[in-house]
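Here's the structure we're looking at; comments come further down.
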Amino acid sequence: MKAALIVVHIKEFWDQLSPDTQQWLIKNPGTMIVPRTVTAIINGETGESDTVDAHGGTALTDEDRHFIHEQARLGVASFEEPKFFDSVSPKD
């Protein structure tokens with residue numbers, strides 16, 4: 001008996017994901033199966049629970065991977081605070 005492939009549709013849930021989770025997906029663009037630790041985080045953030053396979057992971061569709069690449073290209077998930085530097089030293 002062949003196991004069914006469990007997939008998540010990241011595009012549908014993108015706005016529910018934390019910036020850290022979005023950043024993880026963008027930094028791992030070749031991921032075809034999201035590891036169980038990240039899947040657990042995604043499920044916690046989205047309220048989904050039926051997207052887990054027998055090993056606790058989740059497969060990404062071609063559409064999901066394309067969407068994640070597009071988000072990376074657009075720079076949407078750049079959530080680091082800008083750093084500002086003084087041009088002069090502060091007085092003690």
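The values are calculated or read from the model by the stated rules, or taken from the named source; none is laboratory data. Source: prediction; values computed, not measured. Cβ: placed from backbone, ideal geometry, glycine included. Neighbour counts: every protein chain shown. What goes into the accessible areas is simple: the full protein's heavy atoms, side chains included, and nothing from ligands, DNA or RNA. Shrake-Rupley method; radii C 1.70, N 1.55, O 1.52, S 1.80 Å.
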Candidate set from the stretch 34-48 (those that are under 19 Å from LYS11 (Cβ atoms) and outside any helix (DSSP H, G or I)); member that is least open to solvent (accessible area, probe 1.4 Å): VAL34
Verdict on THR31 being assigned to a helix (DSSP H, G or I), at pLDDT 85 or above and surrounded by 12 or more Cβ atoms within 10 Å (Cβ to Cβ): no
